[in-house]
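> If you scroll down you'll find the structure; I have some questions about it.
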Amino acid sequence: GLELSHCVGTNSLGPTMPWRSGGPCKMKRVRTVFKPEQLERLEQEFLKQQYMVGTERVDLAATLHLTETQVKVWFQNRRIKWRKQSMEQKAAKLSQFGVIQPSTADSTDIKEQEEDTVDVEL
């Protein structure tokens, strides 16, 4: 589950300051380590649908012995990874055909490249 580690950031150079935010002992959440079986099931569900909500998320969390929050955050992080991979694949395809990314070139350069290309039927 969501475990908290022992006090983090205790300062041996001076006294603790309880009036500061977090009090004298600031707790840090321990990173969840998923079991391979849990990851496999999460990935299967992600392939079916990128958004897991409501009772589906509750049921999946119970099945995997995780909290609903852990499942929710896993899906959020997986969507970010998925978008990043999609963008990298698009960039790779464009560079394969010699097309310059719009972010690295202005619109006139792209227009000139489009005029230079010729469609060839095979």
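> Count the lysine pairs in region 43-95 whose Cα atoms lie under 21 Å apart, taking only pairs 8 or more positions apart in sequence or on different chains.
8
> At a 1.4 Å probe radius, carbon and sulfur cover how many percent of the accessible area of region 43-95?
Of the solvent-accessible surface of region 43-95, carbon and sulfur hold 56 percent.
> Oh, and also: Sort 48-58, 83-93 by the packing proxy (mean of other Cβ within 10 Å over each peptide's residues), most packed first.
Ranked by mean Cβ neighbours within 10 Å, highest first: 48-58, 83-93.
> If R0 is 35 Å, what FRET efficiency do you get for E43 and L94 from their C-beta distance, rounded to 0.05?
0.80
> Quick one: Kirkwood hydrodynamic radius for region 43-95, alpha-carbon pairs, angstrom, one decimal?
That comes to 12.1 Å for region 43-95.
> In nm, to one decimal, how far is the modelled label at T32 from the one at N77, with both set 7 Å along Cα→Cβ?
0.8 nm
The values are calculated or read from the model by the stated rules, or taken from the named source; none is laboratory data. Everything numeric in this text was worked out from a predicted model, so none of it was measured. Ideal geometry is used to build each Cβ from the backbone, glycine not excepted, and the neighbour counts take in all protein chains shown. Accessible surface areas use protein heavy atoms only, side chains included; no ligands, DNA or RNA. Shrake-Rupley method; radii C 1.70, N 1.55, O 1.52, S 1.80 Å.
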